[in-house]
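Since every read-out is calculated from the coordinates, none of them should be taken as a lab result. Owing to the predicted nature of the structure, the values given are computational and were not obtained by experimental measurement. All Cβ positions, even for glycine, are placed from backbone atoms using ideal geometry, and neighbour counts span all protein chains on display.
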Amino acid sequence: MTAVPVLPTTSHAVPHPAATTVADALLPVYKRYPVTFVRGAGVELFDDAGRAYLDFTSGIAVNALGYDDPELKAVMHAAVDRGLIHTSNLYRTTPGERLARLLVDWSFASRVFFCNSGAEANEGAFKFARRWARKTSPTPLTADGVPGSAKHEIIALRGAFHGRLLGTLAATDRPSYRMPFRPLAGGISISERDLDDLEVVVSAETTAAVIVEPVQGEGGVRVLDHGWLRALRQLTSERRVALILDEIQCGLGRTGYLFAHEHAGIEPDLLTLAKPLAGGLPMGAILMTEEIASAVEPGDHGSTFGGGPFVAAVAAHVVERLGDPALLTRVRENGTWLGTQLRALAARHASVRAVRGVGYIWGVDVTEPAAALVARALELGLLLCTAGDHTVRLLPPLVATRDDLARGVEMLEAAIAAGVAA
């Protein structure tokens with residue numbers, strides 16, 4: 001019998017020259033702020049020195065129910081106690097089917113596909129749109145026997161952010177993100193946010209889908225005009241092009257409606273969700289019409305973890321909470337109030353150039369680098385994030401009260417004033 005080699009027992013204890021601390025072991029793709037959080041409660045996070053920070057990022061629109069929510073914790077514990085974390089999608093489980101039924105009943109959709117992130121949801125939506133387009137508008141086979149490439153193009157908008165995978169990156173309007181990874185996925189392009197331009201580039205013969213965020217979060221918190229969205233829906237319908245709405249950041253209650261497109265009174269062909277869907281656990285979803293779903297066949301797509309029993313049980317609770325009419329009314333009313341306060345702040349400070357937003361998603365344009373203002377706010381105990389070089393983004397938990405919002409605006413103004421004084 002061949003002897004099994006024994007690895008040196010001391011090798012793991014020798015520090016690698018490029019990673020000398022615990023933090024150094026992480027791939028440095030994030031510029032992290034100099035704070036370590038150890039717990040959360042309500043709308044606050046606490047660092048390892050015990051200092052409290054008012055959270056106006058919500059984990060980038062993820063923690064809609066805040067922190068240490070007793071109902072959410074109870075659902076998580078109950079799901080764990082059932083002893084069923086994962087089975088794979090080879091078998092049926094009740095939580096995923098119940099969650100899909102809930103999303104279908106509360107939306108335009110007939111079918112749901114679960115995955116693990118927003119970028120995955122958008123990638124899947126691209127595949128489903130192309131599958132539908134080619135099945136409903138077949139083209140001749142090429143010389144090597146594969147379907148022709150006619151109706152396959154995906155069109156995104158200027159200012160869009162749809163993810164960092166190769167397909168979604170091609171639909172993301174961030175040159176600095178795209179450049180190091182060219183060539184990106186083909187057949188995906190970016191158009192101006194202009195109906196005249198879209199009239200030209202959206203083709204009944206070659207375009208499979210247009211993807212749009214009703215509120216462009218990473219692109220500066222730009223709320224797309226509701227009339228414009230209705231006109232786009234009409235254009236895509238007339239040309240038999242699928243409309244994909246990316247509500248990964250702006251959906252599930254953040255605008256004051258369960259789905260952001262409700263403001264415009266339209267329905268998409270596909271809708272992508274993620275961030276708050278499972279209360280901080282990784283989960284994404286693609287909602288679609290029966291027409292789109294009927295073009296997809298077994299084996300066309302898949303996910304090892306998507307819609308697993310543990311995460312789906314938690315997500316069903318979150319969706320029910322975020323769909324509560326009383327919560328949505330509070331978000332709408334408090335969001336209107338917050339917008340008024342931010343515009344008044346802008347009128348008092350020449351360094352604030354513009355304010356945009358709806359519900360609990362707002363962008364404040366400033367003359368200085370937004371990162372500098374975010375850093376000063378952190379020192380004052382307020383957590384903010386950026387949405388471009390000169391836009392500060394506010395994403396409070398949806399459970400934040402008007403008093404919480406008022407405290408955040410006060411701290412934001414102090415951070416702005418500190419920059420002027422410096």
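Percent antiparallel among DSSP beta bridges with both residues in the chain, to the nearest 5?
On the way: 33 of 50 bridges.
Approximately 65 percent, going by the DSSP bridge assignments.
Is it possible to state the helix-based mean residue ellipticity at 222 nm for the chain, with each DSSP H run of 4+ residues giving -39500 (n - 2.57), the sum divided by total residues, to the nearest 500 deg cm²/dmol? What is it?
Value at 222 nm, helices only: -11000 deg cm²/dmol.
The local environment of E205, defined by Cβ-Cβ distances under 14 Å, has a net charge of +2 under the rule Lys, Arg +1 and Asp, Glu -1. Counting only pairs 8 or more residues apart or on different chains, how many lysine pairs in the chain have their Cα atoms under 30 Å apart? Pairs that pass both the separation and distance tests number 6.
Can you tell me what percent of all Cα-Cα pairs in region 350-422 are more than 19 Å apart? Intermediate results must be reported in sequence, preceding the final value.
Numbers: 688 of 2628 pairs.
The share of Cα pairs beyond 19 Å in region 350-422 comes to 26 percent.
Between S294 and L195, what FRET efficiency follows from the Cβ-Cβ distance if R0 is 35 Å, with the result rounded to 0.05? Could the numbers behind the result be given before it?
Details: r = 30 Å, r/R0 = 0.85.
Calculated transfer efficiency: 0.70.
Binning the C-alpha pair distances of region 33-177 at 10 Å intervals from 0 yields a P(r) profile of 8, 21, 30, 26, 10, 5, 1 %, listed from the shortest bin outward. Restricting the calculation to alpha carbons of region 73-322 gives Rg and Dmax of 18.0, 59 angstrom. Remark: region 336-342, residue by residue, has Karplus-estimated 3J(HN,Hα) of 4, 4, 4, x, 4, 5, 5 Hz, where x stands for each Gly or Pro and the curve is 6.51 cos²θ - 1.76 cosθ + 1.60 at θ = phi - 60°.
Electrostatic tally near E297: other residues with Cβ closer than 15 Å to its Cβ, Lys and Arg +1, Asp and Glu -1, net +3.
If you take the Cα centroid of region 27-73 and the Cα centroid of region 104-140, the two points sit 33 Å apart.
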